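The values are calculated or read from the model by the stated rules, or taken from the named source; none is laboratory data. All values reported here derive from a predicted model rather than from experimental measurement. Glycine also receives a Cβ, built like all others from the backbone with ideal geometry; neighbour counts cover every protein chain displayed.
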Amino acid sequence: MFIGNHKQIPTLAVILVGTNEESQLYVKMKERTLRERLNFQTYIHHFPSPTNTHISQLKDLIHLLNEDSSIHGIIVQLPLPNYLKDEQENLLKLIHPSKDVDGLLYPNSPFIPCTPQGILWLLDWYNVKLAGKNVVVVGASKLVGNEKRKLFILYIFIHIISGEPVGLLCKSRGATVTFCTVQTRNLQEYFLHADVIISATGQAHLIHGDLLPSTNRPLVIIDAGVSNKPPIIRGDVDIESVRNKCTLITPPTGAVGKMTIAALAHNLYDAYNQQRNYLSDMDDYHADVASSGCVAEVCSEG
């Protein structure tokens, strides 16, 4: 829990447009963790009527939040409604890099995207070394799912899981990275020499035991995909059928999702410290300028 003598505490602003149930759930999870467990502050700017929300309103709000020194991080909860999707990239680019705690501007952001960071932390915790290893990333395809679900899955894969963030992170640790989609034929051929599989398709049980080789090689599977069909939440991986073919595997809930929120909290705290230090440096600078002016004035009088 955050405890300090500072006037401000780490504060996150979330922009939520529409009534997408998954988006609202994720926002509540973030808010609950940040507020109740860490004593951080959150402000949710919710535009419940997507058809009456104009892009100019969102742009104006981001500009205001950028200028507000009490706000240390800004998130635009994705996906946006269909009629705003063409403006999505331009909207995200308006967020000042120092407040891009989601890391969506990566690699032009000082922050690593939350899900890849969480995945790397999981691998580190279980001492999974990536140097010299083969990593296979499986993502969504444009041809899969209904429009709303498709946009959400594509957002996860393109902006959070795909080559830019997690691939670069794995490569930076010496791994060889291969990318597949749900449309990739003969996935088992790509899995044959895989040491680590990271999946984020949202297609329930896409990866099952028949696709994995029957070898004694250590295999780690990170399941970052969720197919939510109440009352059952399924991941991309059929855990029971692969259990005997892998060394480590994450469950569909309580693993990657929690680590993603932990990474968000980490980024927000970093943003808070960076901005507070910047303001402190600016105060010192202005004090030095003022002091120099006084000295100059006294010297001129003497």
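Tabulated data for the structure shown
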quantity: Val177 touching a Ser or Thr at 6+ places or on another chain (Cβ under 8 Å), β-branched (Val, Ile, Thr) and either modelled with pLDDT of 50 or more or surrounded by fewer than 14 Cβ atoms within 10 Å (Cβ to Cβ) (or both); calculated: no
quantity: Single residue of the range 6-41 satisfying the filter (in a strand (DSSP E or B) and of a type in the set (S, T, N, Q)) that is nearest to Ile95 (Cα to Cα); calculated: Thr11
quantity: So Ile44, is it aliphatic (A, V, I, L, M), part of a strand (DSSP E or B) and under 18 Å from the mean Cα position of the chain (by Cα); calculated: yes
quantity: Residue identified as among the polar types (S, T, N, Q), at pLDDT below 80 and out of contact with any strand residue (DSSP E or B) (no Cβ under 8 Å at 6 or more places or on another chain) among Asn146, Asn90, Asn108; calculated: Asn146
quantity: Residue in the range 88-128 that is farthest from Asn273 (Cα to Cα), counting only those that are free of Cβ contacts under 8 Å to residues at least 24 places away in the same chain and assigned to a loop (DSSP other than H, G, I, E, B); calculated: Asn127
quantity: Selected residue (only one of Leu61, Leu38, Leu34 is in contact (Cβ under 8 Å) with a residue 12 or more places away in the chain, surrounded by 15 or more Cβ atoms within 10 Å (Cβ to Cβ) and over 19 Å from the mean Cα position of the chain (by Cα)); calculated: Leu61
